[in-house]
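Reviewing the structure listed below.
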Amino acid sequence: MYRTLFDKEEDMLHFLANITTSDWNEEQDAGRSLQEGTELLVKRFPEHEANIRAFYGRWNEMLGDAFDDTVAILKKLKESGKYKIYALTNWSAETFPVALERFEFLRWFDGIVVSGTEKMRKPAPEFYHLLLTRYHVKADEALFIDDNLRNVLAAEQVGIKSIHYQSAEQLAQELSSLNIF
């Protein structure tokens, strides 16, 4: 979406890396309202107000596409009927409904714990414990998959076997080596 707002790629990359940073976005994922997060940034960088407001104001355009090959793995796991599948996601309580409406596969989970709703996020150990407690899952019987190594290491500290997702092919191989596929 930002490619339509910036004339130069380097200006867009600078804005995304230095203004609407991942640290800033993670605060909304942890429960800060989109309005509060936006206003804080606009106050700090008033010269970028329009582009800052576009971040959440045009969120439906910001949301990327699903990785079909990874969704196929989720579908295979779900259709096997062997496993309960839960999502532990760092997502704003205000933007998650947009994703839920857009991506049918999000409705395949047996339960979803959303960071923005719970006011905590990965990699906080309490967030993992919340899912385990809520859905009566034993850590030593669970498998956690995440594309962020920080979150994978945190899950392992809680006692959950984990896979650091890097590609659908790699994930399928690791699931096969664990006799899950």
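Tabulated results
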{"item": "Test: residue in the stretch 117-125 that is out of contact with any helix residue (DSSP H, G or I) (no Cβ under 6 Å at 6 or more places or on another chain), at negative phi and exposed (fewer than 13 other Cβ atoms within 10 Å of the Cβ)", "result": "no"}
{"item": "Yes/no for Ala93 being aliphatic (A, V, I, L, M), within 22 Å of Glu27 (Cβ to Cβ) and out of contact with any helix residue (DSSP H, G or I) (no Cβ under 7 Å at 6 or more places or on another chain)", "result": "no"}
{"item": "Residue that is surrounded by the fewest Cβ atoms within 10 Å (Cβ to Cβ) [pool: residues in the stretch 128-181 that are closer than 19 Å to Ala87 by Cβ and hydroxyl-bearing (Ser, Thr, Tyr)]", "result": "Thr133"}
{"item": "Meets criteria (exposed (fewer than 15 other Cβ atoms within 10 Å of the Cβ), in the same structural domain as Ala155 (by TED's automatic domain parsing) and among the acidic types (Asp, Glu)) for Glu79", "result": "yes"}
{"item": "Members of the stretch 17-62 that are of a type in the set (A, V, I, L, M), surrounded by fewer than 16 Cβ atoms within 10 Å (Cβ to Cβ) and under 15 Å from Thr4 (Cα atoms)", "result": "Ala50, Met62"}
{"item": "Matching helices (runs of 4 or more DSSP H) fully within the stretch 1-114 where at least 1 residues are without any contact (Cβ under 8 Å) to a residue 12 or more places away in the chain, farther than 22 Å from Ala154 by Cα and in contact with an Asp or Glu (Cβ under 8 Å, 6 or more places away or on another chain)", "result": "34-44"}
{"item": "For Ser92: the one exception among (1) under 16 Å from Ala66 (Cα atoms); (2) polar (S, T, N, Q); (3) crowded, with 16+ Cβ neighbours inside 10 Å", "result": "(1)"}
{"item": "Residue in the stretch 116-139 that is assigned to a helix (DSSP H, G or I) and of a type in the set (Val, Ile, Thr) present", "result": "yes"}
{"item": "Within the stretch 1-59, considering residues that are more than 20 Å from Thr117 (Cα to Cα) and of a type in the set (Val, Ile, Thr), the one modelled with the lowest pLDDT", "result": "Thr4"}
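The values are calculated or read from the model by the stated rules, or taken from the named source; none is laboratory data. This one's a predicted model, so the numbers in the text were calculated from it and none came from an experiment. All Cβ positions, glycine included, derive from the backbone under ideal geometry; neighbour counts span all protein chains shown.
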